[in-house]
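The values are calculated or read from the model by the stated rules, or taken from the named source; none is laboratory data. Predicted model only: the values in this text are computed from it and were never measured. Cβ sites come from the backbone with ideal geometry, for glycine too, and all protein chains shown count toward neighbours. To get the accessible areas, we keep the full protein, side chains included, count just its heavy atoms, and leave off ligands, DNA and RNA. Shrake-Rupley method; radii C 1.70, N 1.55, O 1.52, S 1.80 Å.
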Protein chains: 4
Amino acid sequence: MRVLFVGDVMGRPGRKLLASMMGRIRSQWGPLDFVVANGENAAAGFGLTAPVAEELFRCGVDVVTGGNHTFDKKEALPLLDRDPRLLRPANYPPGVPGRGLGVYEKNGRRLGVLNLQGRAFQTPIDCPFRTADERLGGIDAPCILVDVHAEATSEKRALALYLDGRVSAVLGTHTHVQTADEEVLPGGTAYLNDVGMTGGHGGVIGMTYASVIPKLLTGVPNKFEVCEDDLRLCAVVLELDDETGRALSIERLNLRPE
Amino acid sequence: MRVLFVGDVMGRPGRKLLASMMGRIRSQWGPLDFVVANGENAAAGFGLTAPVAEELFRCGVDVVTGGNHTFDKKEALPLLDRDPRLLRPANYPPGVPGRGLGVYEKNGRRLGVLNLQGRAFQTPIDCPFRTADERLGGIDAPCILVDVHAEATSEKRALALYLDGRVSAVLGTHTHVQTADEEVLPGGTAYLNDVGMTGGHGGVIGMTYASVIPKLLTGVPNKFEVCEDDLRLCAVVLELDDETGRALSIERLNLRPE
Amino acid sequence: MRVLFVGDVMGRPGRKLLASMMGRIRSQWGPLDFVVANGENAAAGFGLTAPVAEELFRCGVDVVTGGNHTFDKKEALPLLDRDPRLLRPANYPPGVPGRGLGVYEKNGRRLGVLNLQGRAFQTPIDCPFRTADERLGGIDAPCILVDVHAEATSEKRALALYLDGRVSAVLGTHTHVQTADEEVLPGGTAYLNDVGMTGGHGGVIGMTYASVIPKLLTGVPNKFEVCEDDLRLCAVVLELDDETGRALSIERLNLRPE
Amino acid sequence: MRVLFVGDVMGRPGRKLLASMMGRIRSQWGPLDFVVANGENAAAGFGLTAPVAEELFRCGVDVVTGGNHTFDKKEALPLLDRDPRLLRPANYPPGVPGRGLGVYEKNGRRLGVLNLQGRAFQTPIDCPFRTADERLGGIDAPCILVDVHAEATSEKRALALYLDGRVSAVLGTHTHVQTADEEVLPGGTAYLNDVGMTGGHGGVIGMTYASVIPKLLTGVPNKFEVCEDDLRLCAVVLELDDETGRALSIERLNLRPE
Ligand SMILES: [Fe+2]
Ligand SMILES: [Fe+2]
Ligand SMILES: [Fe+2]
Ligand SMILES: [Fe+2]
Ligand SMILES: [Fe+2]
Ligand SMILES: [Fe+2]
Ligand SMILES: [Fe+2]
Ligand SMILES: [Fe+2]
């Protein structure tokens, strides 16, 4: 099967870009069996709302994964409970609304998606390695995609090696800068340290330079504003073996609108 | 001279407590030449506003020091520029509104107050040690009080030893829990690692247990609410030698309303 | 029963001080049913060794608790597995040598000791709140002491409130500065945010000022040296109801040698 | 002029790889006017020694930049003072051995190199933005390369925009994973968020998986070992206008030995 995974969709510019590019991607890379997008920043850079989630689904997104920002807007919490297409990291503790794992079926094909979050330089939550061990056993699908939302390159790389041969792909999100280290690991797992951000790249990881620089220069908090310049869609296209779940290839996308 | 320093005044409960206790403190500890209070949490737990600052001044506070929360409410920024009785940490970088140092005169006595902030586990700003070196030279007053607003016990202790003999007192704030290590250091500087918080101690460092515990159990952000139970005023009374600036004594106060 | 809990014993000066003070403590506070000491810094400031543990036991210590530094010396790992009197935080993940909980019996009295570690500003490990929930059920003793080794005052305070009524005492360690907020909480649990350090207080939380200040001024790592000046033993004496496990009193000790 | 900048050279595998690849790079990309390499991990993954620095120079490296690990081996400190070809981040405070800026001349061409370090999730040192402002004024050379050694993608990106038009290139190091966002910014400054690591990529950012995974699973510190598998040289080739200092192009290199 062919899967498109789209990195952190950033606010309105990210959503509009995604909507406008899906046709081109399908025509260039061929039919997509599943589209998964990280949506933690989809609502004005912070979290999710119901209309924003709908907008992503209308683009053709089948599953929206999350991260630390998923919880920024309180209205997202009931959505997470209600809609199985919305995921948040599975290693948030028991009692947190929503789910971190789903198995999705389309046209007779099944894809498991597991969302995890790192802990280095991040909020202390449950161990992503052990959570992966616990959850993977329960997935009745050979093809499994893992979105690991993490700051430290080391933690994402280690998790990919830890899961190599057990899942189809380990794709990092959160830093908003695409890395260039894609590969299929020896056990058959596709890996990329960070898929990068979908939105305006002209500023600072999705926010305008003008709104970010004061905090860096002064230490005083400031309201960040979503950047609309230099739009780019950052994603990967995965080819997975339907029978074995092994990744056949991983290709990075870093697309500007025409 | 006799100086009262009041630890982080927490929201309305802290302000009301302070107002109600000043008479008792003056009658029990004698006339106070200066009253200094850390006000970073005075406005509903986050920052300062003009009416809140006025309320502190009406209690008899001469100088309001600050910390990381001083900047939480944008309306505080012009106040900091306008009113020399309001300080924020001096080691915030150039360009930050307000000032971190003041020399105050009352009844022929002069007190310098220097506000600093730590960096361990905190926002990266300028070095508090070097900022102290630079600023202390410009103070024309033998008595100088330093409020060092910091998380790490090591950083506060080291700064006290670094400044021993150069200032009258180094008093820590920020952790909201009073420490029991008050002493006059060999060079004549009074020291306490943390003065503690003035407000409701029945919850978690000034916020209600009910509003804090969800974040600790789940990792999901939550709105904190100011605690109103178990009111205590945390402060120190300093006796300083007017000529030499040396501390003669430091006494911790941890007072409940009668 | 009467229990003495001794805060982080710092290197040789801490061990010698403890040895020299036990007689005076027993004569002044009366017979001690159990003595528990945090030993994470007992071996030259970093970790434990077999001879150092023996030295603590010879002082009359019944149980040695730990923290982040417990693992500094590799030779401690087999000790932790072998000797049930040595604890390390219980919320280190499965697979870590040693244990975090023990029930100790002496003269017909039983004391449970649970060691936990915080996560704010510390290594990401398992949740101390849920670990406490899981472990407390298995303790067949009404009197239970919890050593929570943590940096953030908020996390220690919240854990004490979380466990109030379920354990006899929640005592903080790790910051090396004794706090002044001891109390018996409404549910009967004795609490102190940090017991403080046992060793030389003349420097910076147990290390010499001369060895610590270069790192703070320059950012360049430096070898820390154990401080031998201004020796103080920081501890608490707890009176517990043998039947109910409720704390009857908590008294802070901050003792200098005579 | 043409400049090769090589990302963090990791231990012996990294040094050997660099030595073996320089000929191929020169033959493929043409003569190199300057070669700059980040050497903070060159000595067994941690710091520098005199023989290791010599080995880098023998490869054709003209300037060795540094980072947080530069200070890991005490023997590096006098080297930094003595040899102007060795840099460490310029925003370490006054009093730190060595220098953070050099202007190098070869065959009548001059290149300024400025080394900076980030602060987000890193040691608190001086502000890299203001240090850049202060130091750039003193450079008498149109072509200036900045190595910003930092964890957070936001800080590196912001610094690049801050310096756009004032330097020839802002190249990130430290995360050991090459990013895919190279560009020449509007003002003429070449930018890449992270150049990536030169050494064994088969493990976890330069260390073996076997030596890194225990710490991630257990929280217990462990000795890391340099990885020798999947050797790759990560670097960029810059074409700079000698007159204006503007970058004409930036090309990422991610080379395996033949
Ligand atoms: Fe994001
Ligand atoms: Fe994120
Ligand atoms: Fe505060
Ligand atoms: Fe604060
Ligand atoms: Fe300790
Ligand atoms: Fe500790
Ligand atoms: Fe490095
Ligand atoms: Fe580094």
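For the reader, a short list of remarks on this structure follows.
- When every Cα-Cα distance of the range B:46-148 is counted in 10 angstrom steps from zero, the calculated P(r) takes the values 15, 49, 31, 5, 0 percent.
- Rounded to whole numbers, the Karplus 3J(HN,Hα) couplings from phi for the range D:111-127 are 10, x, 10, 10, 10, 10, 10, x, 10, 5, 6, 10, 4, x, 10, 6, 5 Hz, using 6.51 cos²θ - 1.76 cosθ + 1.60 with θ = phi - 60°, and x at Gly and Pro.
- Loop-located chymotrypsin sites (Phe, Trp or Tyr not before Pro) in the range B:111-197 (DSSP state other than H, G, I, E, B) with a sparse environment of at most 16 neighbouring Cβ atoms within 10 Å: B:Phe121.
- Ligands, DNA and RNA left out, the 1.4 Å accessible surface of the protein assembly as shown is 50% carbon and sulfur atoms.
- Take each residue in C:179-186, count the other chain C-beta atoms within 10 Å of its C-beta, and the mean is 5.
- Dipole magnitude (debye, nearest 20) for the range A:64-104, charges at Cβ of Lys, Arg, Asp, Glu: 40
- Three-way shape call for the range D:141-187 based on the alpha-carbon gyration tensor, with the a/c threshold at 1.5: prolate
- In chain D, the beta carbon lying closest to the axis that superposes D onto C belongs to the residue given here with its whole-angstrom distance, D:Phe121, 6.
- Taking a ≥ b ≥ c as the square roots of the eigenvalues of the Cα gyration tensor, the range C:1-108 is oblate, since a/c reaches 1.5 or more and a/b is not larger than b/c.
- Sequence of C:Asp133, C:Asp81, A:Asp181 from largest to smallest accessible area, 1.4 Å probe: C:Asp81, C:Asp133, A:Asp181
- Restricting the range B:63-165 to GluC sites (Glu not before Pro) that sit in a DSSP loop and have at most 14 other Cβ atoms within 10 Å of their own Cβ leaves B:Glu75.
- Comparing each chain alone with all protein chains together (probe 1.4 Å, DNA, RNA and ligands left out), the residues of the range C:135-172 losing at least 10 Å² of accessible area are C:Glu151, C:Thr153, C:Ser154, C:Glu155, C:Arg157, C:Ala158, C:Leu161, C:Tyr162.
- Amide proton proximity set for D:Cys143, modelled H, under 5 Å, gap of 5+: D:Gly112
- With contacts taken as Cα pairs under 8 Å and at least 6 residues apart, chain D reaches a relative contact order of 19 percent.
- The helix-only estimate of mean residue ellipticity at 222 nm for chain C, built from DSSP H runs of length n ≥ 4 each weighted as -39500 (n - 2.57), is -7500 deg cm²/dmol after division by the residue total.
- For residues of C:112-119, the mean tally of beta carbons on other chains within 10 Å: 1
- Dipole of chain C, positive direction: furthest Cα of C:Cys227, C:Ile205, C:Gly118, with charges on the beta-carbon: C:Cys227
- In this Cβ point-charge picture (+1 for Lys and Arg, -1 for Asp and Glu), chain D has a dipole of about 440 debye about its Cα centre.
- Here the protein assembly as shown carries DSSP beta bridges of which approximately 50% are antiparallel, counting only pairs with both residues inside.
- In the context of the full set of protein chains, the range D:182-258 has a per residue accessible area of 40 Å² (1.4 Å probe).
- Note on the protein assembly as shown: Rg/Rh from Cα positions, Kirkwood definition for Rh, rounded to two decimals, is 0.97.
- ³J(HN,Hα) computed for each position of the range A:80-91 - Karplus, 6.51 cos²θ - 1.76 cosθ + 1.60, integer Hz, glycine/proline x: 4, 6, 8, 10, x, 7, 9, 10, 10, x, 5, 8
- C:Asp81 label point (Cα plus 7 Å toward Cβ) to equivalent points in the other copies: 4.6, 4.7, 6.5 nm, shortest first.
- Violating pairs (Cα-Cα greater than 27 angstrom) within the set B:Lys16/B:Lys106; B:Lys74/C:Lys215; A:Lys215/C:Lys223: B:Lys74/C:Lys215; A:Lys215/C:Lys223
- By DSSP, the beta bridges lying fully in the range C:2-255 are antiparallel in about 50 percent of cases.
- HN-Hα J in Hz across the range D:166-173 - Karplus 6.51, -1.76, 1.60, θ = phi - 60°, x for Gly and Pro: 9, 9, 7, 7, 10, 10, x, 9
- Lys, Arg +1 and Asp, Glu -1 on Cβ, resulting dipole of the protein assembly as shown about Cα centre, debye, nearest 20: 0
- Selected from A:Phe57, A:His176, A:Leu248, residue furthest toward positive end of dipole (chain A; charges at beta carbon): A:Phe57
- Cα Rg over Rh - the range D:1-61, Kirkwood: 0.97
- Chain pair C, B: total accessible area buried, heavy atoms, 1.4 Å probe, Å²: 2700
- Å² of accessible area per residue within the range D:99-157, as computed with a 1.4 Å probe and no ligands counted: 32
- Per residue of A:200-209, other chain Cβ atoms within 10 Å of the residue Cβ number 4 on average.
- Label-point spacing for C:Gly95 across the identical copies (point 7 Å from Cα in the Cβ direction), in nm and ascending order: 2.7, 4.2, 4.6.
- In whole angstrom, the range A:2-255 maps to an equivalent ellipsoid with semi-axes of 26, 20, 18, each derived as √(5λ) from the alpha carbon gyration tensor and ordered largest first.
- Candidate membrane-span-like segments in chain D, meaning DSSP H helices with Cα atoms spread over at least 15 Å of their own axis and a Kyte-Doolittle mean of -1.0 or above, are D:11-29, D:153-163, with no membrane implied.
- Label-to-label distances for C:Ala120 across copies, nearest first, come out at 1.6, 2.3, 2.4 nm, using points 7 Å from Cα in the beta-carbon direction.
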